[in-house]
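To start, the structure itself, in structure tokens.
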Amino acid sequence: MTDKIPVTVLTGYLGAGKTTLLNRILTEPHGKRYAVIVNEFGEIGIDNELVVGADEEVFEMNNGCICCTVRGDLIRILDGLMKRKGKFDAIIVETTGLADPAPVAQTFFMDQDVSDVARLDAVVTVADAKWLSDRLKDAPEAKNQIAFADVIILNKTDLVTADELAEVEARIRAINPYAKLHRTQKCSLPISEVLDRKAFDLDRIIEIEPDFLEQGHHHHHDEEMQSISLKLDGEVDPEKFMPWISNLTQVEGPNILRCKGIVAFPNEPKRFVFQGVHMILDGDVQDDWKPGQKRDSKVVFIGRDLNEKAIKEGFLATAA
Ligand SMILES: Nc1nc2c(ncn2[C@@H]2O[C@H](COP(=O)(O)OP(=O)(O)OP(=O)(O)O)[C@@H](O)[C@H]2O)c(=O)[nH]1
């Protein structure tokens, strides 16, 4: 029992700060080896490139929601990892912001091969202090992520007032009074609060979801949620790209839940990485393009009521 590999499921709505937390865990000196499994909603893999490349191995699952189509993938990757047991101290699974954590957690109880060697240590949910209250109204996934959490990281406290923070915390407590809750900026908290918690409580989960241990899965996806992945076979002109992306996120901000991209600027040895949540946009040149790596540009937008044609044309028109 005790030598089963602990698995932490990292969840939280789009843009809450999951990758920020993951990178914090991976860069802190802890002397441990983690295997990381990332799952994203969108066709072009960007998330795995945003996870810092330490010694860890990152496995990517694309094209679908972890809780539905790629659950088989998760089982396969976990099986593969188990065969190499001893190489890893723990496994971290980062789910897409649109995943319901229940079926992911179920995998550790329902799949015999997995449950023989791995144990679900905790479901850790990152919540965006600025946007969570809105998402609790219109996104059922966001509510389940809070309900299932053993640890809740209420992040981005810098973007709200003390009153707003108290209000969102009260909303969280109305859904989940049990989880350990931390208020953070940039997910800054001791790793020991996140990993190896031995916190997953099956009895509590069965109270929330009585058929948790039964087969079958009724996750209804947000049918209106769109994911637009665009790729440009080359560089973009910053003089065109910057005004375009900032204008798009200002005008379409309410509908854009998440955007991110990695683009190449002419004569710039580093990759320009940007990401945003609604109209808040963040971007910087980061690590170098590797020798031989193709300098192309890719962007992903996730949201509702997005005009795909206009966004695509706008992006292609920024070509250098
Ligand atoms: N102001 C502010 N921004 C933050 C904080 N934490 C993270 N961010 C920013 O929020 C954006 C989203 O953070 P990520 O860590 O990529 O979020 P995520 O949950 O992994 O996003 P998805 O995987 O796309 O759902 C990034 O631009 C971060 O720099 C915070 O405490 N305050």
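Key figures
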item	result
Probe 1.4 Å, protein heavy atoms only - accessible area per residue of the chain in square angstrom	45 Å²
D116 versus D237: modelled label distance in nm, points set 7 Å from Cα along the beta carbon direction	6.1 nm
Ranked order, R171, R135 - accessible area, probe 1.4 Å, largest first	R171, R135
Gaussian network model of the chain, Cα within-10 Å springs - most flexible of G15, G97, G283	G283
Solvent-accessible area, 1.4 Å probe, carbon plus sulfur percent, for region 98-167	46 percent
Approximate spin-label separation L159-Y178, in nm, with each point projected 7 Å along Cα-to-Cβ	2.9 nm
Cα-based shape type of the chain, given that a ≥ b ≥ c are square roots of the gyration tensor eigenvalues and the cut on a/c is 1.5	prolate
Gain in span if fully extended, L202 to E308, counting 0.36 nm per residue against the direct Cα distance	33.9 nm
DSSP-defined antiparallel bridges as percent of all bridges, the chain, nearest 5	45 percent
Distance (nanometres) between label positions extended 7 Å along Cα→Cβ at E28 and D79	3.5 nm
Distance from region 233-249 to region 170-197 (C-alpha centre basis), Å	37 Å
Net lengthening on full extension, E268/Q293 (0.36 nm per residue, minus Cα-Cα)	7.6 nm
Against the rule of thumb 2.2 N^0.38 Å, how large the Cα Rg of region 231-282 comes out	1.15
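The values are calculated or read from the model by the stated rules, or taken from the named source; none is laboratory data. Predicted model only: the values in this text are computed from it and were never measured. Cβ: placed from backbone, ideal geometry, glycine included. Neighbour counts: every protein chain shown. Side chains included, ligands, DNA and RNA excluded: accessible areas come from the protein's heavy atoms. Shrake-Rupley method; radii C 1.70, N 1.55, O 1.52, S 1.80 Å.
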